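Since the structure comes first, as structure tokens, the remarks are kept for the end.
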Amino acid sequence: MWLVLAFLSALLLGFYDVFKKKALEGNAVISVLFLNTLFSTLIFMPFVGLSYMTTALDGSIFHVAMGDWTAHKYILLKSCIVLSSWIFGYFGMKHVPLTIYGPINATRPVMVLVGALLVFGESLNVWQWIGVLLAVASFQLLSRSSRKEGIDFKHNRWILCIVLAACLGAVSGLYDKYLMAPKSDGGVGLDKMMVQSWYNFYQMLMMGVILLMAVFKPFARFREGRPLFPQTAFRWKWSIVCISLFLSAADFVYFYSLSQDGAMISIVSMVRRGSVIVSFLFGAIVFHEKNLKSKAVDLTLVLLGMIFLWIGSR
């Protein structure tokens, strides 16, 4: 069951990336990200209210458990990790073609696997090492094909943003498993709906502060000079609402998957990165991006690496 949910989450994530790219085109990143956290919070806060003040959701998958400050500190840390990943990822996606962003972001399972190796003491077998090497090779080839579009991986700050977002996303994935795992298995044993509901709320508060900072004092390296994250005028797009809808659905299915008995974070993370297929197709068909043949080879290597990781993780 948890594997089927992981595939569903991947499909939803693919559309989430597409709407995110559409919303960010010529738009203010900070404003779009704030609205994303706001709408996501509005989606889940009614479940919090109904769970805390009534018994209507008792026993259902939408019930939000109550927690003390200790539990909320864990969720607050998750909010910081995820929001940091989103800020880097949103800025990177705005300035980089979707057919480049997707394959880079799809290398997260490799990072999760390495993290599991370092944090949880897991060891890599031959199949997994092949998967890791294929992912590294795909990144090198993607770097070469991107030069045709004037994007140098070594000196492009938006590529660096995407890589940092992927690394922080991998950290978040490992942390999710720790949060969801029962205490008997060394985890925290938090309720999945509690985590998703409140981490969105905390992110909204943090993004509200960042938005105010961006409005009254734009982020810059120095008081004068070229901004680190250039500001753009905000334009309303209905795709902004779709970002929150598809992300909330994808995360809900993801958390529910991790809460199932026997769920493996390494496999769930790999399956979710299959969302790159959806975003790549839309990048080619809807956004009419270039150099698709060479990028398709790079994407194939990424997917092949994921298959080897999956075989090695069975």
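The values are calculated or read from the model by the stated rules, or taken from the named source; none is laboratory data. Only a predicted model underlies this, so the values are computations on that prediction, with no experimental measurement involved. No Cβ is skipped: glycine too gets one built from the backbone with ideal geometry, and neighbour counts run over all protein chains shown. In case anyone asks, the SASA skips ligands and DNA or RNA and just uses the protein heavy atoms, side chains included. Shrake-Rupley method; radii C 1.70, N 1.55, O 1.52, S 1.80 Å.
Within the P(r) computed for segment 1-107, what percentage of the Cα pairs occupies the region above 21 Å?
Details: 3001 of 5671 pairs.
Roughly 53 percent, once rounded to a whole number.
Going by a ≥ b ≥ c, the root eigenvalues of the Cα gyration tensor, does segment 240-314 fall in the rounded group (a/c under 1.5), the prolate group (a/b larger than b/c) or the oblate group? Taking the square roots of the gyration eigenvalues as a ≥ b ≥ c, segment 240-314 is oblate.
Partner lysines whose Cα lies under 18 Å from the Cα of residue 73, excluding those fewer than 8 positions away in the same chain, are identified as 177, 183, 192. For residue 290, the lysines whose Cα comes closer than 20 Å to its Cα, not counting residues fewer than 8 places off in the same chain, are 20, 21, 22, 94, 148. With the chain treated as a Gaussian network of Cα nodes joined by springs under 10 Å, which of 129, 86, 198 yields the largest mean-square fluctuation? For the chain, modelled as a Gaussian network with Cα springs under 10 Å, the answer is 129.
Classify the chain as rounded, prolate or oblate from the Cα gyration tensor: take a ≥ b ≥ c as the square roots of its eigenvalues, call it rounded if a/c is under 1.5, otherwise prolate when a/b beats b/c and oblate if not. Intermediate results must be reported in sequence, preceding the final value.
Details: a/c = 1.71, a/b = 1.12, b/c = 1.53.
In terms of gyration-tensor shape, oblate.
Surface composition of the chain: carbon and sulfur make up 69 percent of the accessible area, probe 1.4 Å. Of 85, 239, 269, which has the largest mean-square fluctuation in a 10 Å C-alpha GNM of the chain? Checking each option, the largest mean-square fluctuation is seen for 239.
For a quick protection proxy, order the peptides 36-46, 52-62, 243-253, 282-292 by their average other-Cβ count within 10 Å, most packed first. List each step's numbers first, then the result.
Numbers: 36-46: 19.8, 52-62: 10.5, 243-253: 21.4, 282-292: 15.2.
Highest mean packing first, the order is 243-253, 36-46, 282-292, 52-62.
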